[in-house]
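Asks: This is the structure I have questions about; it appears just below.
The values are calculated or read from the model by the stated rules, or taken from the named source; none is laboratory data. None of these values were measured; they are calculated from a predicted model. Here Cβ is always computed from backbone atoms with ideal geometry, including for glycine, and neighbour counts include all displayed protein chains. Heads up: the accessible areas ignore ligands, DNA and RNA and are worked out on the full protein's heavy atoms, side chains in. Shrake-Rupley method; radii C 1.70, N 1.55, O 1.52, S 1.80 Å.
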Amino acid sequence: MTEELEQIRKRLSKLLKKERYEHTLGVMYTAASLAMCYGADMQKALTAGLLHDCGKFCPAKEQIEMCRTIGIKLTESELQMPALVHAKLGACLAQYDYGIRDQEILDAITYHTTGRPDMTLLEKIIYIADYIEPNRKEIPGLQEIRGIVFRDIDQAVCLSAGSTVRYLENGGKAVDPMTVKTYNFYKKEV
Ligand code: FE
Ligand code: FE
């Protein structure tokens, strides 16, 4: 691991709760494996994976407060679903607190929860690594997605976006419009 990544890892190990930190490492290494498989930049995958949840260092309420203070604009659905807020906040912290200048890495952090239509390879890698990393609890469809992601990443993105939409709808929860857009885009792609 590079010196820079090592520094970030140390900081996050202190800032994040143990479980969140373990998840973070799981995403980092899963993202690196996917980068090897698909020929993406492994260093960027490690960095984005390591930082993807850095916005979760405090409770959602405080995350929203921080966004107000910094001037990050939140959408109506982000205010209704505070679990989404850490993505935008995380990208901002990655840039200004952790010194990440690479826009591709910052975008991968921004879109890791909802995805977006026509994602870059790195965005897809972080989106799906977050979903399948080894510490994730068994949820319906997870095994299938783990089984195909190293053969067809678009299909894996489609399946995970679809199962997120279904999971939220079945639980009577609101679904972010971007998640629906992601699903519709990849449904047509595959
Ligand atoms: Fe997240
Ligand atoms: Fe995550």
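Asks: Out of the total accessible area of the stretch 43-190 (probe 1.4 Å, heavy atoms of protein only), what percent is carbon and sulfur?
Replies: 52
Asks: Assign unit charges at the C-beta atoms only (+1 for Lys and Arg, -1 for Asp and Glu), then state the dipole size of the chain relative to its Cα centre in Debye, rounded to the nearest 20.
Replies: 420
Asks: Given a Förster radius of 22 Å and the C-beta distance between residue 148 and residue 21 as r, what FRET efficiency does 1/(1 + (r/R0)^6) yield to the nearest 0.05?
Replies: After rounding to 0.05, the efficiency reads 0.20.
Asks: From Cα pairs below 8 angstrom and at least 6 apart in sequence, can you work out the relative contact order of the stretch 3-139, rounded to a whole percent?
Replies: Relative contact order comes out at 28 percent.
Asks: While we're looking at this one, here's another question. Sort the following peptides by mean Cβ neighbour count (other Cβ atoms within 10 Å, averaged over residues), highest first: 118-129, 1-12, 19-30, 46-57.
Replies: 46-57, 118-129, 19-30, 1-12
Asks: When only alpha-carbon atoms are used, what values of Rg and Dmax, in angstrom, describe the stretch 1-65?
Replies: For the stretch 1-65, the Cα-based Rg and Dmax read 12.6, 39 Å.
Asks: Let me ask something else about it. Among 114, 125, 174, whose Cα sits farthest toward the positive end of the charge dipole of the chain (+1 at Cβ of Lys/Arg, -1 at Cβ of Asp/Glu, about the Cα centre)?
Replies: 174
Asks: In square nanometres, what is one fourth of the surface area of the convex hull spanned by the alpha carbons of the stretch 3-139?
Replies: 8.3
Asks: Cα centroid distance between the stretch 111-182 and the stretch 11-65, in Å?
Replies: So the two Cα centres are separated by 16 Å.
Asks: Still on this structure, I have one more. Label points 7 Å out from Cα along the Cβ direction at residue 38 and residue 155: separation in nm?
Replies: For residue 38 paired with residue 155, the spin-label model returns 1.5 nm.
Asks: Residue 156: net charge of surrounding residues, Cβ under 11 Å, Lys/Arg +1, Asp/Glu -1, itself excluded?
Replies: Net charge around residue 156: 0.
Asks: Still on this structure, I have one more. Using a probe radius of 1.4 Å on heavy atoms only, what accessible surface per residue do you get for the chain? Whole Å² is fine.
Replies: Per-residue value: 52 Å².
Asks: Still on this structure, please answer the following. Treating only the Cβ of Lys, Arg, Asp and Glu as charged (+1, +1, -1, -1), what charge dipole size does the stretch 97-177 show about its Cα centre? Round to the nearest 20 debye.
Replies: 280
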